[in-house]
Amino acid sequence: MSAQLGEILVGRRCLAPEALERAQRLQQDGHDRLDRILTRLGLVTERALAEALADHAGLPLLQPADMPRESVLPDQLSPRFLRHHRVLPLGVAAGSLRLALADPLDPWPIQAVAFATGLAPEPMVATGGDIEAALDRLYRAEPTEAAASGGIAEADAERLADAASDAPVVRIVNALIAQAVEQRASDIHLEPTEDQLRVRVRVDGVLHEVEPPPAALRTAIVSRIKIMSKLDIAERRLAQDGRLRFAVRGKDVDFRVSTTPVIYGESVVLRILDRGSLVLEFDALGFDAEVMPEYLAVLHRPHGIMLVTGPTGSGKTTTLYTSLVALNSAERKILTVEDPIEYQLQGINQTQIKPQIGLTFGAALRSFLRQDPDIMMVGEIRDLETAQIAVQAALTGHMILSTLHTNDAASAVTRLLDMGVEPFLLTSTLNAVVGQRLVRRLCPHCRRPQRLAAEAAEALDLRRIAEACGREAVVYEAVGCAQCSGGYRGRSAILELLPMSEEIARLVLARAEARAINAAAVAAGMRSMYEDGMRKALAGVTTPDEVLRVTRDS
């Protein structure tokens, strides 16, 4: 099987010849089967391996949802045999037995199943991880029952670590992480409930539930992730933060890990920080030909404050990183203070805040001023101290980039006033505010034009927007295909840019409400997030429903 499998993977360009030679040398040393070595080293994912085998053998490829909910023929096929050969019976129909196989090139398990059951096997292909997870769920792995108890005393940490190192737990965690990365997920959420470990992944900003692992393994799975993240597995009363690195498809992917105690155990969130998928380009983010020149003109001013605002998960940090990359040159010294540092940027000095030792945003920003920087990025302006230091730095000739959590650009101005920043200082230092949200991008392979009824187009103000941008009032709808997730693939920013004009400055000095500031900015030519989103809908980038979903409350 080894030689044939290697030829298949190299022929499909799933594996480099030199990587195959490396894995074969390990196999000759007696380490394991070739397929297991390849996936363990991250040279090939289980899904890519299964796809190659299914295509070569002309067999259907199964998904996790295709696994049975109850064991099939448990009296005729032993769990030990099924685990050893990674075989799973799926169901009996008309004298044939549907069979999931991780290795369809090995005829012996198929023959053994036929002999033991007297049924004609109907082979199909599944990933080894999906088969093992289903076997663990259906036959309840015994080694980790001790880990299922709700309370783990510190004295039990060693036993819990042993449970977390059991092969089924390791395989489940590895498969879960690899699957999420392959699906282009941004987060993995593990949430213990009364009777299971609920698992969800966020793809293009929307959470999707996946098949839960065996309930008996939920504590061991959480412990496994904590061990990988170098967290204290005995501490379950306090929230913890950590990082881990995992190889997927032969490349390292970083994860930011957060745990917090909940009623039935610990909730875990893994934020996927895939540097290879990060594109720090304004047009890829959603800045079009009208907004980008104005934004760059503000960005390249020698001093002042540029704010990016929006709720959590609206892409603010990515916009700031893209701005720093655009500003980064040998002539400029750039310092950042972040919580946390999500991506490392070459040529830029980045600092992680540590409140427990007094290294807050304000303290770091104050120390930065003694480093003679040209540009400083503050992860977030959270309090008056940080805001005042940012204002003083801008007044003394520095460029400050930062974020705020508000619904729109105009609300960022009133938020700073509410913090206690003096209006005359704000008008002197604030260059502009960008408000943004993220919408899902339509899949270009399956999107379908959709002509709205006149009433709907009028209600959405599409006719006016279409005339303004020289397009027909035709939008697109999500369909769904093999290359996307429900008709969407990736995300794009919709945004509004509010510069500090004379009229806006007059309103700020009068402490006007955000609504009045927004109305004045729109009257002066600012394109609102809603209009920017509808322009993208008319261009086929997204749908009106997506625009309404993220702007309805703003």
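Tabulated data for the structure shown
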| item | result |
| --- | --- |
| Ordering of 544-550, 370-376 by burial proxy (mean other Cβ atoms within 10 Å per residue, highest first) | 544-550, 370-376 |
| Formal net charge of residues neighbouring H398 (Cβ-Cβ distance under 14 Å; K, R +1; D, E -1) | +3 |
| Vicinal HN-Hα couplings computed from phi for segment 504-510 (Karplus, 6.51 cos²θ - 1.76 cosθ + 1.60; Hz; Gly/Pro x) | 5, 4, 4, 5, 5, 4, 8 |
| Hydrodynamic radius of segment 398-554 per Kirkwood, over alpha carbon pairs, in Å | 17.1 Å |
| Y139/Q356 FRET efficiency (R0 45 Å; Cβ-Cβ; nearest 0.05) | 0.50 |
| Separation of the E209 and D461 label points, Cα + 7 Å toward Cβ, nm | 3.8 nm |
| Net charge of Cβ neighbours under 14 Å - reference E294; Lys, Arg +1; Asp, Glu -1 | -2 |
| Two-site label geometry, E503 and A519: point separation in nm, points 7 Å out along Cα→Cβ | 1.2 nm |
| Stretch gain in nm, segment H405-A454, where the contour uses 0.36 nm per residue and the Cα spacing is subtracted | 14.0 nm |
| Inter-label distance, nm, simple model (7 Å from Cα along the C-beta direction), H445/A539 | 2.3 nm |
| Gained length - F424 relative to Q4, 0.36 nm times residue gap less alpha-carbon distance | 143.8 nm |
| Residue-wise HN-Hα coupling along segment 46-53, computed from phi with Karplus coefficients 6.51, -1.76, 1.60 (Hz; x: Gly, Pro) | 4, 5, 5, 4, 5, 4, 5, 5 |
| 3J(HN,Hα) from dihedral phi, segment 322-339, Karplus parametrisation 6.51/-1.76/1.60, rounded to Hz, x for glycine, proline | 4, 5, 5, 4, 5, 8, 5, 7, 5, 7, 10, 9, 10, 10, 10, 10, 9, 8 |
| More than 39 angstrom apart: percent of Cα pairs within the chain | 40 percent |
| Too-long pairs where the Cα-Cα distance tops 24 Å, listed order kept, from K251/K354; K333/K536; K251/K333; K251/K536; K226/K354 | K251/K354; K333/K536; K251/K333; K251/K536 |
| Other-chain or far-sequence residues with amide H under 5 Å of G265's (modelled H) | none |
| FRET E, pair E477, D254, Förster distance 41 Å, beta-carbon r, rounded to 0.05 | 0.70 |
| The chain - charge dipole about Cα centre, Lys and Arg +1 at Cβ, Asp and Glu -1, debye rounded to 20 | 420 debye |
| Local net charge near G487, Cβ-Cβ under 15 Å (Lys/Arg +1, Asp/Glu -1) | +4 |
| Solvent-accessible area, 1.4 Å probe, carbon plus sulfur percent, for the chain | 48 percent |
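The values are calculated or read from the model by the stated rules, or taken from the named source; none is laboratory data. What you see is a predicted model, and the numbers here were worked out from it, not measured in a lab. Every residue, glycine among them, receives a Cβ derived from its backbone with ideal geometry; neighbour counts consider all protein chains shown. We work out accessible area using only protein heavy atoms, side chains counted, and drop any ligands, DNA or RNA first. Shrake-Rupley method; radii C 1.70, N 1.55, O 1.52, S 1.80 Å.
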